[in-house]
1. Compute the relative contact order of segment 64-204 as a whole-number percentage, counting only Cα pairs closer than 8 Å that sit 6 or more residues apart in sequence.
2. Straight distance only, please: which lysines reach the Cα of Lys234 with their own Cα at less than 20 Å, same-chain residues fewer than 8 apart left out?
3. State the extension gain, in nm to one decimal, for the chain segment bounded by Asp217 and Asp102, taking 0.36 nm per residue of separation less the distance between their alpha-carbons.
4. Quick check: residue separation of Arg243 and Ser151 times 0.36 nm, minus the Cα distance between them. What number comes out in nm?
5. May I ask you to evaluate 6.51 cos²θ - 1.76 cosθ + 1.60, the Karplus curve with θ = phi - 60°, for each residue of segment 15-20 and list the ³J(HN,Hα) values in order in whole Hz, giving x for glycine and proline?
6. Just to be sure I understand the model, the point goes 7 Å from the Cα along the line to the Cβ. What's the resulting Gln74 to Glu185 distance in nm?
7. Nothing charged except the Cβ atoms of Lys and Arg (+1) and of Asp and Glu (-1): what's the magnitude of the dipole of the chain about its Cα centre? Round to the nearest 20 debye.
8. Just the number, please: carbon plus sulfur as a percent of the accessible area of the chain, 1.4 Å probe, no ligands or DNA/RNA counted.
Amino acid sequence: MDTIQKFLAYNGKIRIICGTTTELVEKARTIHNLTPVATAALGRTLTMGAILGTTLKEKEDSITIQIKGNGEIQGITVVVDGNLHIKGYVGNPYVTVPNREDGKLNVGEAVGKEGFLYVIKDLGLKEPYRGMAELVTGEIAEDFANYFYTSEQKSTAVALGVLVDKNGVKASGGYIIQAMPDATEDELFILEQRIKEAQPISSMLSQNWSWEEIIKDITGDKDVVTLETSLFPKYECNCNKERMKKALFAITKEELKDIIQKEGQAELVCHFCNKKHVFHKEELEEILKQQME
Ligand SMILES: [Zn+2]
């Protein structure tokens, strides 16, 4: 089962949020019929979304992540709310790029190394909070580490991994490790070395390591404190016809008239779950009437 967990290490000087997202990433893969490299790219972003979602205090608050790079995937969007309901899509789910020299999926190539990462937090205030940073490698973990550093002034180690082949997602998960202001230079140096030498996160998860074991291994701290183990992210879309209707109000009267005449109905497909919402002629005429008023 997918979970997000929180730990403290080094006597509370290091904060860790980590989690397993195998099921929700597999659901995203099947909904969007993603290629392996698209699965890895969206899966890593969904994992970060699930991790960030645990920082939301209210159920109706939400975080939107947008990655706009110059690669063939043509952008990634992920939305998470305070219930840890998460959803996402990529511009081109069929993207394929040659693997890296080490045989791994080339996520950086598919996403693109040039572009921006946006984080929009809607916390129910007048204006949402907007943060952004330039992409570094397009591999997503490095891009988020840079985002935390430049946008939130926090030194953060980020690892995100998705193990996938043509049959599906074998393991997916990741962590962020943030140093509190009282962590010493020596402690940070040791931690950095250990993180560099750690196994890839997807391989630890595919060997069924528990998160406590993984965090103890990565930090080298046997006295890790568990803060939270029962947060359960889920792939879920809350789209409905009422919300989709807004898209029809956004198009011009002429275009709407054209659709009524030529098609007789409009079919809107949700980007996040591929559900079709059909608007019949009478409903379209009603929208047109309201637009005229
Ligand atoms: Zn939907």
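The values are calculated or read from the model by the stated rules, or taken from the named source; none is laboratory data. Small disclaimer: the values here were computed from a predicted structure and weren't measured. Cβ: placed from backbone, ideal geometry, glycine included. Neighbour counts: every protein chain shown. Heavy atoms of the whole protein, side chains included, go into the accessibility calculation; ligands, DNA and RNA do not. Shrake-Rupley method; radii C 1.70, N 1.55, O 1.52, S 1.80 Å.
1. Across segment 64-204, relative contact order equals 16 percent.
2. Qualifying lysines at Cα under 20 Å: Lys6, Lys27, Lys57, Lys59, Lys87, Lys121, Lys170, Lys275.
3. 38.9 nm
4. Contour length minus Cα-Cα distance gives 29.9 nm.
5. Karplus values, whole Hz, x for Gly and Pro: 10, 10, 10, 9, x, 9.
6. According to this spin-label approximation, the distance is 5.0 nm.
7. 600
8. 49
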